[in-house]
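Since the structure comes first, as structure tokens, the remarks are kept for the end.
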């Protein structure tokens, strides 16, 4: 039996619930914490992000990412991603190659 689910935001609380219906007129609401978006203020501090991103580059030698790919990989807002990548470039942990991709300083020599 097919079950249709659609998210509904409750205006009073801002939380999301899922409306499920097996047949017309039998809808019921089920709370779903996974459907509630996390606020942007929960991103880790710059130092923690820099350590995480640096470790990712160290674990995957040869990785080269564009800015857009880095944003998607670490799910960061544009300004925060730019700040952390700029900090890693300034610390000589990362370099931008001639194509604008970020890579480890040791591997981007040419």
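See the values below:
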{"read-out": "Any hit, the range 88-102, residues being assigned to a helix (DSSP H, G or I), in contact (Cβ under 8 Å) with a residue 12 or more places away in the chain and closer than 21 Å to residue 48 by Cβ", "value": "yes"}
{"read-out": "Every pair of residues 6+ apart whose Cβ atoms lie under 6 Å, when the first sits in the range 66-78 and is modelled with pLDDT of 95 or more while the second is part of a loop (DSSP other than H, G, I, E, B)", "value": "66/101"}
{"read-out": "Residue selected from the range 66-87 under the condition under 13 Å from residue 53 (Cα atoms) and surrounded by fewer than 16 Cβ atoms within 10 Å (Cβ to Cβ), by the criterion farthest from the chain's Cα centre (by Cα)", "value": "86"}
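The values are calculated or read from the model by the stated rules, or taken from the named source; none is laboratory data. Since the model is a prediction, treat every value here as computed from it, not as a measurement. Counting neighbours? That spans all protein chains shown, and the Cβs are built from the backbone with ideal geometry, glycine included.
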